[in-house]
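Take a look at the structure set out below.
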Amino acid sequence: MRTAVRFPARTGLEQILDGLEGDPAFSSMVTRWERLPAIAPRYAPFPAWLDERIVRTLRRRGIEALYSHQAAALEATRAGRHTVVITPTASGKTLCYNLPVLDAIAKDPTARALYLFPTKALSQDQLAELERGSAEMDIDLATYTYDGDTPPAVRAAIRSAGHVVITNPDMLHTGILPHHTKWVKLFESLRFVVLDELHTYRGVFGSHVANVLRRLRRICAFYGSHPIFICTSATIANPEELARRHIEDDVVVIDESGAPRGEKVIAFVNPPVVNRNLSIRQSALLTGRDIAATLLASGVQTIAFAQSRVQTELLLTYLRSRFPQPQWPSDLIRGYRGGYLPSERRAIERGLRDGSVRGVVSTNALELGIDIGALQAAVLLGYPGTVASTWQQMGRAGRREEMSAAFLVATSSPTDQYVAQHPEYVLERSPEAGLVNPDNLHVLVEHLKCAAFEIPFEPRERFGTEDTPGVLSYLDEQGVLHEAGGKYHWSDQAFPAEGMSLRTATNDNVVIVDETGPATRVVGAEHHDGRARVIGEIDRFAAQVLLHEQAIYLHESRQLQVERLDWENAKAYVREVKVDYYTQAELAVRIRVIDEFDRRSPPRGFDLAHGEVLVSTLTTMFKKLTMYTHENVGWGKIHLPEQELQTTSFWCSLPERVVAGWPKERVEVALAGLGNLLHALAPLFLMCDPHDLGLAVEVRSPHTGRPTIYLFDMTPGGIGFSERLFRSAAPLFERAREHLAACSCDGGCPSCVGPAYALGADVRGAVAHLLSLA
């Protein structure tokens, strides 16, 4: 049995924060010290229709009433309305879907529910919660998780007896929908579908998930059921739009939380500049280590979020060296990330809940709603990439009504520096939108094939696009479908869902094969068994830049060198190395505008447009750049064929008067610098990674006849980024002006427009001039 850990005399969190706030060295790094006041709860009575066994159990747990948003969700669901609940971390969103489900099954044992979670850990967490709840409530509820780890012997029992089936979109796609005839009891009586963490279903993955849900609804209709969807989400700009794109029906948005919140201090920390010319700052890892160590030394239970597995292990090592044994317990601080055994992760979660683990260093694996109890402080090493993720990670501290603190430590990246200089971007309502495009033809056609395999299509049936009959006719001509008896039937030998990933828009991908063996394994790297193994895949368009021979490819922060690229058979063979440089391919990009969807020409500034484009690229050489100073220390040739990508793009062109009298070289430098800046800041509006967008600049574009910057979607067919940028152009340029003005460099650096030594000494001034006219 565990004994309570003895700590030295503690200092309260309030006193620690006062000490940090009053420390000149620390306060000089703080760009914002925000105190969020405590918020009192708002309650609503249990609805009269809620099963009495549920009410009695909740009261035994000390819950005498519902929070107002929980009551609103229950009433909307009771009225047969689809709902999306957007409230903070630890606000009790789980009850918003568990209570309607438990009530329905308590009153009708034939009722069924399907829960979709993005991770296995969340599924296991929910399984435990439902099993505990149904046992306490004396409700006969058979709840199962159904994923790749489910033993074959158990699967038959789940299909016939499971009241609640907990799974993930990938398993629904390959393991349930294609075999719907084995799941008749589920689909005939399906009353509820729970879609948890809706904001994670965006981009290409979200576009696939929306089509998986189309197939689910089609199968439900075939069996005569019409389930109610209950969605939960972190705060985003467009929850209703995102939910409607997935459900394709009206939704009730519940975004006023009734849950209480303790007082919270949020500090934005920008480490000091150590190289002014390159605007490189002290490591966020070391600054974060010092903050976390200060908190842990005073007994404050703390979580630190790192951005990679390697960072996680490094920070864990640094912190453990600060708390040596035997003065401190061996399990005082633990690591948590993918690659740990499930039993290890469960033990860490228990230790956090019971207080025996005082600190944890995690990747974003603990960002989502796994129950880890009430931590007091969170330290974020770098901006997590979205406002939603930032609040999710900060929300892991202060999960009850006590005071809590969160520290966001910025890196030198442009996005991090923008957030550090403009904390209001995080503190005010999220400007980010979760975008999906379920009607992307590349994605939709693959799911239409899957749907035809599941149930034959009627000639006039619609599946997403208005032109479903046209797509069906095309697939008939290709021999994939066969029209007979007035219906389109699947006629191919292949099983369509099995070979289709929900993470990419096309199946034409390059597979990455890791050949690192025990003899060549780098010390401290992940465990390998000596056999070659597939570690991922990348579409061909991106592969030419990331997987050319001799490229340094980063996988979960491991450095892998591409030893051989078999382009014809789409395989890249990599081996782990330890080098102090990264590679950057020189990409010649040519843009041809196929169709201009919309255009805007303000009286002053840039002309703006978005539309469909054909991007042609050719990689000819690559550079080796040092990790921190970005100096060129070598180069090599690349021999690959030209690639084409048909997608959507946003572009802005400069009127001739803006650059009148400028030499061509200055126009080129200004365009490159402004392109770098816009490309770095665009993800602030899109909930995407920078590599999801491509950048091209043309001193004289064949389409516009002017100097033009293109930001194009790296997904074939596009998923909506270009239109969102077109609509958000004014705030995008405003943020670019603010960021450039706040940057501490003299002539240009990697944190703003790009390094002056690479682009030219005048790059910052030239970009500032262009932005003054935008």
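When Arg132 is tested against (1) charged (D, E, K, R); (2) touching a helix residue (DSSP H, G or I) at 6+ places or on another chain (Cβ under 9 Å); (3) closer than 27 Å to Ala365 by Cα, only condition (2) is not met. Just one of the listed residues (Leu677, Leu640) is closer than 24 Å to Arg724 by Cβ and modelled with pLDDT of 90 or more, and it is Leu677.
Tell me, which residue of the range 715-766 that is of a type in the set (A, V, I, L, M) and more than 31 Å from the chain's Cα centre (by Cα) is surrounded by the fewest Cβ atoms within 10 Å (Cβ to Cβ)?
Ala761
Looking across the range 76-94, the residues that are modelled with pLDDT of 95 or more and touching a strand residue (DSSP E or B) at 6+ places or on another chain (Cβ under 9 Å) come down to Ala76, Thr77, Ala79, Gly80, Arg81, His82, Thr83, Val84, Val85.
Taking residues in the range 174-186 that are without any contact (Cβ under 8 Å) to a residue 60 or more places away in the chain, and partners anywhere that are open to solvent by 10 Å² or more (accessible area, probe 1.4 Å) and in a helix (DSSP H, G or I), the pairs with Cβ atoms closer than 7 Å and at least 6 places apart or on different chains are Lys182/Arg159; Trp183/Arg159; Val184/Tyr223.
Considering only residues in the range 313-348 that are without any contact (Cβ under 8 Å) to a residue 60 or more places away in the chain, aliphatic (A, V, I, L, M) and assigned to a helix (DSSP H, G or I), the one that is most open to solvent (accessible area, probe 1.4 Å) turns out to be Leu314. The listed residues are Thr145, Thr167, Thr200, Thr150, and the only one of them that is more than 30 Å from Thr386 (Cβ to Cβ) and of a type in the set (Ser, Thr, Tyr) turns out to be Thr150.
Across the range 687-708, the number of residues qualifying as under 10 Å from Leu671 (Cα atoms), of a type in the set (A, V, I, L, M, F, W, C) and within 34 Å of the chain's Cα centre (by Cα) comes to 2. Selection of first residues in the range 368-384 that are among the hydroxyl-bearing types (Ser, Thr, Tyr) and of second residues that are modelled with pLDDT under 90, restricted to Cβ pairs under 6 Å at least 6 apart or on distinct chains, gives the following pairs, ordered by first then second residue: Tyr383/Thr415. Considering only residues that are more than 12 Å from Arg112 (Cβ to Cβ) and in contact with a Lys or Arg (Cβ under 8 Å, 6 or more places away or on another chain), look in the range 174-191 and name the one that is surrounded by the fewest Cβ atoms within 10 Å (Cβ to Cβ). Checking each candidate, the answer is Lys182. Counting the residues of the range 11-33 that are within 19 Å of Ser283 (Cβ to Cβ) and β-branched (Val, Ile, Thr) gives 2.
Summed over the range 400-446, the residues that are touching a Phe, Trp or Tyr at 6+ places or on another chain (Cβ under 8 Å), part of a helix (DSSP H, G or I) and not small (Gly, Ala, Ser) give a count of 7. The residue that is nearest to Phe721 (Cα to Cα), among those in the range 646-670 that are open to solvent by 10 Å² or more (accessible area, probe 1.4 Å) and assigned to a strand (DSSP E or B), is Thr648.
The values are calculated or read from the model by the stated rules, or taken from the named source; none is laboratory data. A quick note: this is a predicted structure, and the numbers were derived from the prediction, not measured. As a convention, Cβ positions derive from the backbone with ideal geometry for all residues, glycine included, and neighbour counts pool all protein chains shown. In case anyone asks, the SASA skips ligands and DNA or RNA and just uses the protein heavy atoms, side chains included. Shrake-Rupley method; radii C 1.70, N 1.55, O 1.52, S 1.80 Å.
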